[in-house]
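Read the structure below first, then the notes.
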Amino acid sequence: MPASIYSDNIREQKTPPRPPEKPQLLSEKNLNFLETLKTSYPEFTFKPGRKFLFRPRKSIFYIESDENFRLLLLHELAHALLGHFSFDKSLERLQIERDAWEKTRELCETHSIPFSEEFANSELDTYRDWVHQKTLCPSCGLTCLEVNSESLYCPFCQKYQRKA
């Protein structure tokens, strides 16, 4: 008789162990909101994850304990509804994020969720900082122009640089 994959001792355990009960981290309000979104947008799958994230074409991940749960969940839904699947240039990424926050504002109105301009701008600032860092000239440190997804042009050095 082959050994069980669940125990070294066959007599001890012949059935798989039950997974430990996971404590519910979502408040009742957030859980109800999530269920509303699942019903309203059945074409998307909503799953707990390590961060808020839209994965094309159909999956939206969320962090169960985040204090901005509803706003961030609507933001990822906005990416999904807008069809944000890819970008080539860093500035396109910033535009995608800006568009998603505008759509989030609309979704907040639709679902009677307060929209926080301050929070949205704070989130956009992280992408602005990211774009700035991605476009710095490795030679002189000034901001370059993005030529395409792989190269930058530094007007000061008058050189093309490969993106890091």
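The values are calculated or read from the model by the stated rules, or taken from the named source; none is laboratory data. Remember, predicted model here, so these are calculated numbers, not experimental data. Using ideal geometry, Cβ is built from the backbone for each residue, glycine included, and neighbour counts are taken over all protein chains shown.
Checked against the criterion of being within 30 Å of residue 148 (Cβ to Cβ), assigned to a helix (DSSP H, G or I), within 18 Å of the chain's Cα centre (by Cα) and in contact (Cβ under 8 Å) with a residue 24 or more places away in the chain, the candidates 97, 92 yield just one match: 97.
Cβ-Cβ distances below 8 Å connect the following pairs, each with a first residue in the stretch 38-49 that is free of Cβ contacts under 8 Å to residues at least 40 places away in the same chain, a second residue that is of a type in the set (Val, Ile, Thr), and a separation of six or more residues or different chains: 44/60; 45/60; 46/60; 47/60; 48/63; 49/63.
I need the full set of residues from the stretch 120-137 which are surrounded by 15 or more Cβ atoms within 10 Å (Cβ to Cβ), of a type outside the set (Asp, Glu) and in a helix (DSSP H, G or I), in order please. Listed by number, the residues that qualify are 120, 124, 127, 131, 134. Scanning the stretch 52-67 turns up at least one residue that is of a type outside the set (A, V, I, L, M, F, W, C), crowded, with 18+ Cβ neighbours inside 10 Å and either modelled with pLDDT of 90 or more or part of a loop (DSSP other than H, G, I, E, B) (or both). Here residue 108 meets each of (1) part of a loop (DSSP other than H, G, I, E, B); (2) surrounded by 14 or more Cβ atoms within 10 Å (Cβ to Cβ) with one exception, condition (1).
Just checking, how many residues over the stretch 121-149 are within 13 Å of residue 160 (Cα to Cα) and touching a helix residue (DSSP H, G or I) at 6+ places or on another chain (Cβ under 8 Å)? Of the residues in the stretch 121-149, 3 are within 13 Å of residue 160 (Cα to Cα) and touching a helix residue (DSSP H, G or I) at 6+ places or on another chain (Cβ under 8 Å).
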